[in-house]
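The values are calculated or read from the model by the stated rules, or taken from the named source; none is laboratory data. If you're wondering where the values come from, they're calculated on a predicted model, not measured in any experiment. When we count neighbours, we look across all protein chains shown, and the Cβ atoms used for this are built from the backbone with ideal geometry, even at glycine.
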Amino acid sequence: MAGALAQDAPILVSDVALENSQTMGAEADQARAEFRSLDEDVQSLKKEVLDLNRDLFLLEEELLFPANSQVAFFISMDVGEYFSLDSVNLKIDGKDVTHYLYTDREAGALLRGGVHRVHMENLKVGDHELVAVFTGKGPSVRDYRRGATMSFNKGIGAKYVELEITDRIKKQQPEFVIKEWE
Amino acid sequence: MIARCCKILALSFLLAVFVLPAGYVAADDKSDLTVVKDAHFGSDKKSNLTVVKDAHFGEVLFYFYQEDYFPAIVRLLAAQKQTQLENHSDESELLLGGLYLSYGHHQRAAEIFERLLADKVEPEIRDRTWFFLAKIWYQRGYLAEAQAALDKLQNKLDKPLEAERNMLQAQLLIDNRKHDQAIALLEDWSGRNVWSNYAKFNLGVAMVRNGDVNGAASVLNDVGTLRTSNEELNALRDKANLALGYAYLQDGQPNAAKAPLQRVRLEGPFSNKALLGFGWADAENGNFERALVPWMALRNRDLLDSAVQESMLAIPYAMAMLDGVSQAADHYLNAIEAFYEETNRIDEAIVHIESGELLNQFLEQNPQATTGWYWTLEELPEGPDSRYLYHLLATHKFQEGIKNYRDLHYLRRNLDDWQQSVEVFGNMLDTREYAYNERLPRIEESLGQADLDGMVQRKLEFDARLNSIEENRDSLALATKREFDMWGEIAAIERNPALQANVPEAQEVRDKVKLLKGALQWNLDREYKSRLWKVRRDLQQTGEALVETQRSRRKIDEAIRTEPELFADFNTRVNGLSPKIDELKARVELAMDRQSAFMQDIAVEELTAQKERLDTYTIQARFALAAIYDLSASGGEATIGEASQ
């Protein structure tokens, strides 16, 4: 019996070894081939679903926001030493259109240089007024709320408006700037 | 073109794309993640700084920095199709490759890198990219591709990555049974770090399996005598000692086995197996009393551990050898009972796994907004099966399989959402088309009544008349109605015959009329210029309004002409995409079933192996018990030990 029990020991050796090394031999090759076949299927599906998503994304945008009336509003941050963004409220021509609350992950992405498309709107050709109210933590981690106003003219074709939060180093205060892009 | 200058970014954001966890050997390893991450960001160079010039590029980065790779890729593909990334064409393609890699879509990532890495990026980034591609391929079992990617590296990588690269190369050599080359590579390796030790451990285990225990001993001893305070390396050291100890036992060298087994920490995760092995080393030398010491220490530990299970047989065996027959019989009975209960629990766990619930529980416990390849499953959901499956977590096969299942689940949810949206798009289009068709006759009627050409003609006539007024300086033509009426009245008075009489009264009236007329004329002359300017200005504004109206009219005509085409185009797209969604959804579900079956097979295989081991132990216990009863019945207690043997 000692022999029989002692012969079980190699099972344990295998257990230990398998935790950190790949299974070897024909069985492993077969398992690898099976995994690979499944993986290739998944890869192919990912490609097709991504391409389909691209087409659907464009269709949705064209359908909901045709190019001739589309206005997109973007938020960006530069530096962000004096302001930590919590939320943005947008008013177009006196009407509230969006109130966006930022998660830490989103605010972090803005700080690293990401640009967030916070709102899309269909607007008629002509003059419009945008009021943006930013809330968050200002210098010395105090609650901070500031607004910025801009009039802009919507012409024919899509328009992009950027709301940029920058640092005014001299005053050690954040600055909120609204810019138009064509 | 968007003219903006936002946050300054390092071009080597690409490097950040490839910040992957060092889960290659130990899936739950966290300690090296920081090292690798810091190493990547630390290599940013000012010369590589770039500026976000296209908002849509920045938008892709917004999702990328949140590790939401799927939406980032979709936005990048959409922006590329709409040529919205003109200022970042090269970078966006590289970013796309990096996003694909982060998303685990290695085939497309490789296609892009094959195309771009040759001449468009710095050698450092290029080498790094091939390395990470090699790594993802290795983990997914694409060994030839992994080797080909490693072969593309031209220079040494940064220190932590270079060690990992050597580890990967050594592992590929081990997997291809090229142990001599693996040994040579590891011997050349300067410095002792986590990766070299993992490589040595894997090599040692491979050599044991190859039957070269003495060769493995030098490699495993090297890892087993590490002096470190790093918990991860401590665990690896224990594993190496355990593997070497059991290799010696298996090779019939119990005395040699004791030294490595003694080096295993008593409270570490491998102490059970070390205690069991240590007991066997004494038992093999016939020293059962000493063997009982480590085995008895295992008695109250978790029965899930195979070492604890085996100790339940080893203890009565040693007791029998020491002539404690009745005690041995009790222990065998306890072992049979415990194995029976454990086997029943494993059966329940197998039923649970085969119901398919396990994978769904994984996903519920790890709700991911998206699908990054860095992600690893670190905890199993609570359930009857989880306690049996823990060491599956450390295997690539299981981890990568779970990732694929999670990705498929994400794709299905994504397609579900789009299916609903496309239905809404269809309804929206129908409503718009209905509204258009309903309004069109009214609009056409209104447009028919608006005589734009007539208005233009009238405007031209006004122009001609104003020119004539100006040429003749006809101030009366610009008179107000009151002035004009007054002028008429004066003219009428002038024409009155009574006024022609040669009497003083008539003369007086004539003088007054003359005065009035003069005053009126003076006023008209005085106002003439400003009135002429105002009229000309009004006429010009009218002209502009008319031009604008004509332009609007053209747009309306154009819209009336193109709107049906637009509806047709949208309808074609919506109707074309809808069946595509259905088809893909069916294929995703099929792939989910296959992946789920594969994962279930892995888990059930694991549980079945555990159950088979318990069955073997149970049979051994029953035989031993039967032998004890037989010998007791025949009164030959003295020979029980021999019977056991």
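Points to keep in mind about this one:
- Helices (runs of 4 or more DSSP H) (entirely within the range B:39-122) containing at least 2 residues that are at pLDDT below 85 and farther than 23 Å from A:GLY108 by Cα: B:89-103, B:106-120
- Qualifying residue in the range A:68-81 (condition: among the small types (Gly, Ala, Ser) and touching a Phe, Trp or Tyr at 6+ places or on another chain (Cβ under 7 Å)): yes
- Residue count, the range B:114-155 (criterion: under 20 Å from the mean Cα position of the chain (by Cα), farther than 22 Å from B:ASP68 by Cβ and of a type in the set (Phe, Trp, Tyr)): 4
- Considering residues of the range B:137-160 that are surrounded by 22 or more Cβ atoms within 10 Å (Cβ to Cβ), out of contact with any His (no Cβ under 6 Å at 6 or more places or on another chain) and at pLDDT below 85 only, the residue nearest to B:HIS106 (Cα to Cα): B:ARG140
- Residue match in the range B:316-323 (condition: charged (D, E, K, R) and without any contact (Cβ under 8 Å) to a residue 12 or more places away in the chain): no
- In the range B:85-96, the residues that are in the same structural domain as B:LEU117 (by TED's automatic domain parsing) form Cβ pairs under 7 Å with partners that are among the polar types (S, T, N, Q) and in a helix (DSSP H, G or I), at six or more places apart or across chains, as follows: B:LEU85/B:SER92; B:SER92/B:GLN80.
For (1) at negative phi; (2) away from chain B (no Cβ under 14 Å); (3) touching a residue at least 40 places away in the same chain (Cβ under 8 Å); (4) hydroxyl-bearing (Ser, Thr, Tyr), each residue gets a yes or a no:
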{"residue": "A:ARG145", "(1), (2), (3), (4)": "yes, yes, no, no"}
{"residue": "A:ILE156", "(1), (2), (3), (4)": "yes, no, yes, no"}
{"residue": "A:VAL161", "(1), (2), (3), (4)": "yes, no, yes, no"}
{"residue": "A:GLU164", "(1), (2), (3), (4)": "yes, no, yes, no"}
{"residue": "A:ASP167", "(1), (2), (3), (4)": "yes, no, yes, no"}
{"residue": "A:GLN173", "(1), (2), (3), (4)": "yes, yes, yes, no"}
{"residue": "A:VAL177", "(1), (2), (3), (4)": "yes, no, no, no"}
{"residue": "A:GLU180", "(1), (2), (3), (4)": "yes, no, no, no"}
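- Residue in the range B:168-181 that is in a helix (DSSP H, G or I), of a type in the set (Gly, Ala, Ser) and away from chain A (no Cβ under 14 Å) present: no
- Test: residue in the range A:95-118 that is touching a residue at least 40 places away in the same chain (Cβ under 8 Å) and more than 22 Å from B:PHE62 (Cα to Cα): no
- Qualifying residues in the range B:69-83 (those that are surrounded by 22 or more Cβ atoms within 10 Å (Cβ to Cβ), more than 8 Å from every other protein chain (Cβ to nearest Cβ) and not small (Gly, Ala, Ser)) - the one nearest to the chain's Cα centre (by Cα): B:TYR69
- The set of residues in the range A:86-127 that are modelled with pLDDT under 90, touching a helix residue (DSSP H, G or I) at 6+ places or on another chain (Cβ under 6 Å) and of a type outside the set (D, E, K, R) contains only A:GLY113.
- Inter-residue pairs, beta-carbon under 6 Å, first farther than 19 Å from B:GLU438 by Cα and in the range B:561-585, second surrounded by 12 or more Cβ atoms within 10 Å (Cβ to Cβ) and of a type in the set (S, T, N, Q), 6+ apart: B:ILE581/B:GLN419
- In summary, A:LEU90 fulfils each of the numbered conditions (1) surrounded by 19 or more Cβ atoms within 10 Å (Cβ to Cβ); (2) more than 15 Å from the chain's Cα centre (by Cα); (3) within 12 Å of chain B (Cβ to nearest Cβ); (4) within 21 Å of A:TYR144 (Cβ to Cβ) with the single exception of condition (3).
- Residue count for the range B:146-192 under the criterion of being in contact (Cβ under 8 Å) with a residue 60 or more places away in the chain and hydrophobic (A, V, I, L, M, F, W, C): the result is 3.
- Residues being within 12 Å of chain A (Cβ to nearest Cβ) and closer than 11 Å to B:ALA247 by Cβ - total across the range B:212-236: 3
- Conditions (1) buried (at least 18 other Cβ atoms within 10 Å of the Cβ); (2) assigned to a loop (DSSP other than H, G, I, E, B); (3) charged (D, E, K, R): number failed by B:ARG265: (1)
- Those residues of the range B:137-166 which are in a loop (DSSP other than H, G, I, E, B) and not aromatic (Phe, Trp, Tyr), in sequence order: B:ARG140, B:GLY141, B:LYS152, B:LEU153, B:GLN154, B:ASN155, B:LYS156, B:LEU157, B:ASP158
- Total residues in the range B:396-414 satisfying the condition of being of a type in the set (A, V, I, L, M, F, W, C) and surrounded by 23 or more Cβ atoms within 10 Å (Cβ to Cβ): the figure is 2.
- Checked against (1) on the phi < 0 side of the Ramachandran plot; (2) assigned to a helix (DSSP H, G or I); (3) away from every other protein chain (no Cβ under 14 Å), A:SER140 passes all but a single condition, namely (1).
- Any hit, the range B:383-399, residues being at pLDDT below 85, outside any helix (DSSP H, G or I), under 30 Å from B:ARG587 (Cα atoms) and β-branched (Val, Ile, Thr): yes
- Of all residues making up the range A:76-87, the number that are at the interface with chain B (Cβ under 9 Å from one of its Cβ atoms), among the hydrophobic types (A, V, I, L, M, F, W, C) and either assigned to a loop (DSSP other than H, G, I, E, B) or under 21 Å from A:GLY157 (Cα atoms) (or both): 1
- Of all residues in the range B:572-595 being buried (at least 18 other Cβ atoms within 10 Å of the Cβ) and more than 9 Å from chain A (Cβ to nearest Cβ), the one that is farthest from B:LEU411 (Cα to Cα): B:MET592
- Hits in the range B:274-308 (condition: among the small types (Gly, Ala, Ser) and part of a helix (DSSP H, G or I)): B:ALA274, B:GLY277, B:GLY279, B:ALA281, B:ALA283, B:ALA291, B:ALA297, B:SER306, B:ALA307
- Among residues of the range B:270-295 that are more than 10 Å from every other protein chain (Cβ to nearest Cβ), those with a Cβ under 8 angstrom from a residue that is β-branched (Val, Ile, Thr) and part of a helix (DSSP H, G or I), sequence gap 6+ or separate chain, pair up as B:GLY279/B:VAL293; B:LEU292/B:ILE315; B:TRP295/B:ILE315.
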